[in-house]
Each structure stands twice: as C-alpha cells, then as structure tokens.
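Remarks on the structure that follows.
What follows draws every value from the coordinates through simple rules; no lab data is involved. If you're wondering where the values come from, they're calculated on a predicted model, not measured in any experiment. Please note: Cβ atoms are built from the backbone with ideal geometry, for glycine as well, and neighbour counts cover all protein chains shown.
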Amino acid sequence: MMQADNGDDRDAAAPAAPPAYESIHFESSNSGLPDVPRDEFAKNASIAVSVTNPTKVGDGLSAYAVYTVSTKTSDAAYKKSEMIVVRRYSDFQWLRGRLSSLYPGVVIFPLPEKTVTTSPFQSDFLEHRRGGLQDFMKKVVEHPTLGTCEDVVMFLEEQGGSSWDQRAPWYSRGAVGSAIGAMDSWFQSINTATETWSTGAGME
C-alpha cells in the first residue's frame with residue numbers, strides 16, 4: 001500500500017516565485033527613431049523680429065501709441081529680406097484673433113493686457129507693453145506654420161495699401177466704414193473717459 005509523500009510532490013509542482021523587480025532588466029531600443037523632444041517643435045530660425053520705439057500719437061482722448069516692428073528674414077514666404085512697419089496695439093489684437101481662428105489647435109502666445117490702472121503713456125508702462133508685444137511676435141515667427149502664414153506675412157510687410165486695408169470687415173471700409181467709424185469713435189471716447197475717471201485707461 002502506497003503512502004503519500006509528506007509534501008515533497010506538492011512542493012515540486014508549485015510554480016517558482018517570480019524574480020525580484022530590481023533584477024528585471026528591459027532592453028532599450030531606439031527602433032531607428034530620432035531623439036526628438038516631445039514638448040517642442042522645430043523652431044523657424046529664418047525670421048527675426050523686434051518691436052521697438054513706442055511712441056504717443058495725438059492728444060487727449062484720441063491719443064494712442066504706435067510701435068515699430070522690424071523684421072529680417074531669408075524665408076521665401078516674404079517678398080523682402082528686411083521690413084519695417086508701424087503698428088498699434090489693436091493691430092496685434094487683430095493678428096492674434098486671426099491666428100486663433102485659423103489655427104484652433106495651436107496655442108497662441110498671449111498679448112500683454114490692454115486695460116491699465118495708470119497713465120497709458122507712462123514710459124514704464126509703454127516699455128512693459130513693448131516687451132510683451134515683442135515676446136508675442138517672436139513666438140509667432142518661431143512657429144513653423146504661423147511664421148509664414150499669409151496674415152503674419154501681411155502684418156510684417158504691409159504698412160498700408162489694399163492688402164492691409166482689406167483685412168478689416170467690409171462694414172469698416174469706404175463711406176459706410178467712415179460713418180460707422182465716426183460713431184464708434186464717439187462711443188469709444190465716452191467709454192475711455194469713463195474708464196479713465198474710474199479705474200484707469202484702456203489704450204489701443
């Protein structure tokens with residue numbers, strides 16, 4: 001009569017304990033793929049832009065500031081290698097709005113805030129805004145898609161003329177645009193006067 005072994009057979013049939021985690025080594029393989037950082041894109045280095053010389057234009061409620069935007073480029077998307085244009089803050093707003101509409105999947109660098117609680121023509125404020133506008137433009141032209149899109153090229157090249165003028169909607173051009181613009185300017189002057197009296201000034 002056979003007697004069962006006292007556990008030797010059970011021990012032999014039990015699975016072996018897995019190795020300690022520290023003893024497991026995985027082979028690293030690049031699989032032939034280039035080492036590309038996942039949080040950055042290939043920056044466009046063929047366009048250099050600067051925003052300088054903030055200048056007050058006009059007096060009173062109709063006063064505003066302009067900025068000189070200078071560009072040097074070797075990119076074929078541009079007609080010239082060097083351009084200088086003058087832009088208002090509202091022009092930068094227009095450009096950012098266009099880019100946000102055309103490229104909803106791209107995070108567009110923010111503009112400096114428009115509303116201020118101090119004199120909008122104080123040198124410190126103008127310099128702060130100039131730096132913010134320059135940071136915005138540099139981020140735009142560094143982007144491989146934004147830097148050569150039609151609206152950015154027009155913004156950097158066109159000081160005036162049909163292309164730049166026609167960027168505005170139809171109701172802001174011609175005789176109708178002049179009438180609407182005059183009415184809008186009146187409302188803006190009332191609004192600006194109220195802001196200046198209460199919390200500060202908004203400046204285009």
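If you take every residue apart from Pro110 with its C-beta less than 14 Å away from the C-beta of Pro110, what net charge results, scoring Lys and Arg +1 and Asp and Glu -1?
Cβ neighbours under 14 Å give a net charge of +3.
Give a residue-ordered list of calculated ³J(HN,Hα) values for segment 107-114 (Karplus: 6.51 cos²θ - 1.76 cosθ + 1.60, θ = phi - 60°; whole Hz; x for Gly, Pro).
Each residue's phi maps through the Karplus curve to give 7, 8, 4, x, 8, x, 4, 7 Hz.
Between Glu82 and Ser50, what is the label-to-label distance in nm when each label sits 7 Å out along the Cα-to-Cβ direction?
Distance between the two pseudo-spin positions: 1.2 nm.
Can you list the lysines whose alpha carbon sits under 17 Å from that of Lys43, skipping same-chain ones fewer than 8 residues off?
By straight Cα distance, Lys43 reaches Lys72, Lys138, Lys139.
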